[in-house]
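Student: Mind looking over this structure? Questions follow.
The values are calculated or read from the model by the stated rules, or taken from the named source; none is laboratory data. In this text, all values refer to a predicted model and were calculated from it rather than measured experimentally. Note that we place each Cβ from the backbone using ideal geometry, even for glycine, and neighbour counts take in every protein chain shown.
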Amino acid sequence: MGGPIILSANISRDEFERWAYLSRPLVVRGAAAYWAALERFSVVFFRSVYDSIEGSYDAVTDDCQFLPFRTEFVDLRAALDMHPARAARLPGTPPWYFGWSNCSPGVSAILRQLAPRPEFLPLHSESSALDWIFMGSEGPGAAWH
């Protein structure tokens, strides 16, 4: 296995497909540069989305997974309710990192608007209905992210 294949985001579907299934790491630089998510996703944003959709927190608790890593957060609601200074990563606040899978169709619809499927992916390529979100401050997080 060789090193990673580096491609630019303006790659066509046909060109991407030529490289995508070679069992080598593939990096598409700038693929998410146009996503509105880059400007919108934050603790405050996710709290407002989950607070506005009935049953969305329960969907994570009952049907999905919340990963607190090395934090005191017991569930997604507790994590998104953290103090604003900590969420803003102000000096003197404890570091934090957590992740979750989303099982709420209403939340998923919003996420897909802000982080749409890249145009270069082949139409027949698989896509999970399950979205994973990981976020945190500088400091200890998950070794694999």
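Let's see how each residue does on (1) within 22 Å of Arg13 (Cβ to Cβ); (2) polar (S, T, N, Q); (3) assigned to a loop (DSSP other than H, G, I, E, B):
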{"position": "Val28", "(1), (2), (3)": "yes, no, no"}
{"position": "Val44", "(1), (2), (3)": "no, no, no"}
{"position": "Tyr57", "(1), (2), (3)": "no, no, no"}
{"position": "Glu72", "(1), (2), (3)": "no, no, yes"}
{"position": "Phe98", "(1), (2), (3)": "no, no, no"}
{"position": "Ser101", "(1), (2), (3)": "no, yes, no"}
{"position": "Ile110", "(1), (2), (3)": "no, no, no"}
{"position": "Phe120", "(1), (2), (3)": "yes, no, yes"}
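Student: Can I ask one more? Scan segment 40-58 and report the pairs whose first residue is assigned by TED's automatic domain parsing to the domain that holds Leu90 and whose second residue is loosely packed, with under 15 Cβ neighbours inside 10 Å and part of a helix (DSSP H, G or I), with Cβ atoms within less than 8 Å and a gap of 6+ or a chain change.
Tutor: Sorted first by the residue in segment 40-58, then by its partner, the pairs are Val44/Pro84.
Student: Now, a different point. Any idea which residue in segment 126-145 is modelled with the highest pLDDT, counting only those that are surrounded by 13 or more Cβ atoms within 10 Å (Cβ to Cβ) and in a loop (DSSP other than H, G, I, E, B)? Give the steps one after another, and end with the answer.
Tutor: Step one: of segment 126-145, the residues surrounded by 13 or more Cβ atoms within 10 Å (Cβ to Cβ) are 131-137, 140-142.
Retained after the next criterion (residues that are in a loop (DSSP other than H, G, I, E, B)): 137, 140-142.
On the way: Ser137: 89, Pro140: 68, Gly141: 63, Ala142: 59.
Looking at residues that are surrounded by 13 or more Cβ atoms within 10 Å (Cβ to Cβ) and in a loop (DSSP other than H, G, I, E, B), I get Ser137.
Student: If you check Arg77 against the conditions, is it part of a helix (DSSP H, G or I), under 28 Å from Ser8 (Cα atoms) and either among the basic types (Lys, Arg) or in contact with a Leu (Cβ under 8 Å, 6 or more places away or on another chain) (or both)? Give the steps one after another, and end with the answer.
Tutor: On the way: part of a helix (DSSP H, G or I): yes; under 28 Å from Ser8 (Cα atoms): no; either among the basic types (Lys, Arg) or in contact with a Leu (Cβ under 8 Å, 6 or more places away or on another chain) (or both): yes.
No.
Student: Moving on. Could you check segment 76-108 and list, in sequence order, the residues that are closer than 22 Å to Ser128 by Cβ and either outside the structural domain of Ala129 (by TED's automatic domain parsing) or among the β-branched types (Val, Ile, Thr) (or both)?
Tutor: Matches in segment 76-108: Val107 only.
Student: Give me the pairs: first residue in segment 22-39 and touching a residue at least 24 places away in the same chain (Cβ under 8 Å) and within 18 Å of Asp131 (Cβ to Cβ), second residue among the aliphatic types (A, V, I, L, M) and outside any helix (DSSP H, G or I), beta-carbon distance under 6 Å, and six or more apart or on different chains, which are they?
Tutor: Ala31/Ala9; Trp35/Ala115; Ala37/Ala115
Student: Could you count how many residues in segment 1-24 are over 22 Å from the mean Cα position of the chain (by Cα), more than 16 Å from Ser125 (Cβ to Cβ) and either in a helix (DSSP H, G or I) or among the hydroxyl-bearing types (Ser, Thr, Tyr) (or both)?
Tutor: 0
Student: I would also like to ask the following. If we scan segment 87-94, do we find a residue that is within 26 Å of Arg117 (Cβ to Cβ) and surrounded by 14 or more Cβ atoms within 10 Å (Cβ to Cβ)?
Tutor: The initial filter retains those residues of segment 87-94 that are within 26 Å of Arg117 (Cβ to Cβ), namely none.
Within segment 87-94 (the criterion being within 26 Å of Arg117 (Cβ to Cβ) and surrounded by 14 or more Cβ atoms within 10 Å (Cβ to Cβ)), the answer is no, since none of the residues qualifies.
Student: Could you please give the count of residues in segment 54-63 that are crowded, with 17+ Cβ neighbours inside 10 Å and of a type outside the set (S, T, N, Q)? Before the answer, list the steps.
Tutor: Our first condition is that a residue be crowded, with 17+ Cβ neighbours inside 10 Å; within segment 54-63, this holds for 56-57, 59-60.
Of the ones still in play, those that are also of a type outside the set (S, T, N, Q) are 57, 59-60.
Residues flagged as crowded, with 17+ Cβ neighbours inside 10 Å and of a type outside the set (S, T, N, Q) within segment 54-63 amount to 3.
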